[in-house]
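Shown next, in structure tokens, is the structure this report addresses.
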Amino acid sequence: MRSERLAAVVVSLLAACAAGDKHKLGDLCAKDDECVSGRCDERVCKAAAPAGPGEPCEHPLQCRSERCLDGRCGPGLRADGADCTDDLQC
């Protein structure tokens, strides 16, 4: 049963690739042209022009901070200009 589900997922993914379907925000990717947004960052499809704090969002990957709270991009975990090691901090 488990192998049948795995096979169905693989077939579905291969069919999507063959059809030229683009990946949406949050989907895994290997290169920019695989994403609807045209941006593959850290092997994930993200917004081409991420919004800043207070700007409207529907998905965390539409925001620079990767935080979408009540329809608005949230601030990063560190102050503007502070050093950071990943997107969520900035």
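Taking the criterion of being loosely packed, with under 13 Cβ neighbours inside 10 Å, more than 25 Å from Asp83 (Cα to Cα) and not small (Gly, Ala, Ser), would at least one residue in region 35-54 satisfy it? No, region 35-54 contains no residue that is loosely packed, with under 13 Cβ neighbours inside 10 Å, more than 25 Å from Asp83 (Cα to Cα) and not small (Gly, Ala, Ser). With respect to the conditions (1) buried (at least 18 other Cβ atoms within 10 Å of the Cβ); (2) modelled with pLDDT of 95 or more, Arg64 lacks only one, and its number is (2). Within region 48-64, residues that are free of Cβ contacts under 8 Å to residues at least 24 places away in the same chain and within 10 Å of Gly74 (Cβ to Cβ) sit with their Cβ atoms under 8 Å from residues that are surrounded by 19 or more Cβ atoms within 10 Å (Cβ to Cβ) and among the polar types (S, T, N, Q), at 6+ positions apart or across chains, in these pairs: Pro53/Ser65.
Here is the figure for region 20-52: residues that are at positive phi and among the basic types (Lys, Arg) total 1. Is it the case that some residue within region 77-87 is part of a loop (DSSP other than H, G, I, E, B), over 19 Å from Gly26 (Cα atoms) and at pLDDT 80 or above? Within region 77-87, not a single residue is part of a loop (DSSP other than H, G, I, E, B), over 19 Å from Gly26 (Cα atoms) and at pLDDT 80 or above.
The values are calculated or read from the model by the stated rules, or taken from the named source; none is laboratory data. All figures in this text were calculated on a predicted structure; none of them were measured in a lab. Glycine gets a Cβ as well: all are built from the backbone with ideal geometry, and neighbour counts include every protein chain shown.
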